[in-house]
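Colleague: The structure under discussion is supplied below as structure tokens; questions concerning it will follow.
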Amino acid sequence: MAPITLTSTYTPNETTIPNIFLDMYMPSANGEFVKVYLCLLRMYSNPAARSSTLTEIADLLNHTEGDVIRAIKYWEKAGLLSVGYNGDIPTSITLLPISRKPSGFTTDTVPDSQPSGRTDSPADSSMESAASQEGTNALGEQTPVHATDTSLPGKYNYSPAAIKRMCDSDDNLHQLIFVAEKLFGKTLTNSEISTIIYIHNDLHFSDELLEYLFEYCVSLEKRSFRYLEIVAIKWHEEGLVTAEQAKQQHEIHSKKVYSVMKAFGLNDRKPGKPELDFITKWYDDYGFETELVIEACNRTIQALHKPSFEYTDGILSNWRKKNVHTISDIESAEAAHAESRKNSYNADKAAASSHTVRTPKNNNRFNNFSQRKYDFNALEKQLINKKD
């Protein structure tokens, strides 16, 4: 087998391991993959070993050649290697400097990313949704979940052993997990506990704020930990650091909900979950202010003479597409629409009048012959002479 040519875009004087690799890459990678990367670093530091075959690397690490190829592709995806191939076989590997975690990279394990002969543990079976499993590899190891927003710290899913160590060393964390299980009414999965750790440790939520976050989501009938994380990130970006600040935000949201129910004439009851989902979408996802939401509700009643969250959602979705943000924007959009319809009507009318009007051909079968011409005076004289 042909040797692999190994080069680098930088010149290390010794086999050094950057701290960012230890902090950001190694914890989330399979140990077998880490061994391959460290082996490549060591090979480059020894000029005599820079031309080695896959077989030599596999034998050195007690891997198969397939294991080595999978590891190389993994680190290529991570942005640590630049690889040249002959078919599916690596022929050249360039070590790249590690500056930071590449945007959008996650270490989700795909079927061909596990070293052969490795037995995977089953994935958690009680997750509420696929979104809550994002970033968890098949071995249950901690893996970065999101890195698309570089202003946010990376989230990791922790193994059961890591969670146990953290709980043993932090009584507050253990208490938070206990409170969450009571409020959500279930035993939490590793992924869900990892979300709590992320919010508590990385987003720096106090115990009081995190407990209120649990209560807030449960009050909205939102029991998905993905939703919990989204709200936590939103509060983090808004600079909410105390439970009191979060409660004030909740009161504002409650007033918005009440305004919608009142506009629909439903202020004698609380909204159901589907209705609350619509209201939350209008304010949080669409970003509309109360004035526009109530206007859409009023138009729904005028059109249907009854409340309809689906119809209102259609109105607001249309306004969103037209980049409507204020009542004056609505008026401008409607005026432009009316002018467009008027111009279209005038154009159609002008086109119709430009056509020549033709007299339709008479196809009556009684007229489909040549008409005879008679001299009635001559006929009358012939009749008189005949009588004489």
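Colleague: Once you sort the root eigenvalues of the Cα gyration tensor of region 245-321 as a ≥ b ≥ c, which label holds: rounded (a/c under 1.5), prolate (a/b larger than b/c) or oblate (the other case)?
Modeller: Note, shape of region 245-321 comes out oblate.
Colleague: Could you compute Rg(Cα) / (2.2 N^0.38 Å) for region 217-285, with N its residue count?
Modeller: 1.15
Colleague: Considering only region 4-102, what is the antiparallel percent among its DSSP beta bridges, to the nearest 5?
Modeller: In region 4-102, approximately 65 percent of DSSP beta bridges are antiparallel ones.
Colleague: Let me make sure I get this right: for region 142-241, a, b and c are the square roots of the gyration tensor eigenvalues over alpha carbons, sorted descending. Under 1.5 in a/c it's rounded, otherwise prolate if a/b > b/c, else oblate. Which is it?
Modeller: rounded
Colleague: Rounded, prolate or oblate: which fits region 4-102 when a ≥ b ≥ c are the square roots of the eigenvalues of the alpha-carbon gyration tensor, with rounded for a/c under 1.5 and prolate only if a/b beats b/c?
Modeller: rounded
Bear in mind these aren't lab numbers, they're just calculated from the coordinates by the rules spelled out. Since the structure is predicted, the reported quantities are computational estimates derived from the model, not experimental observations.
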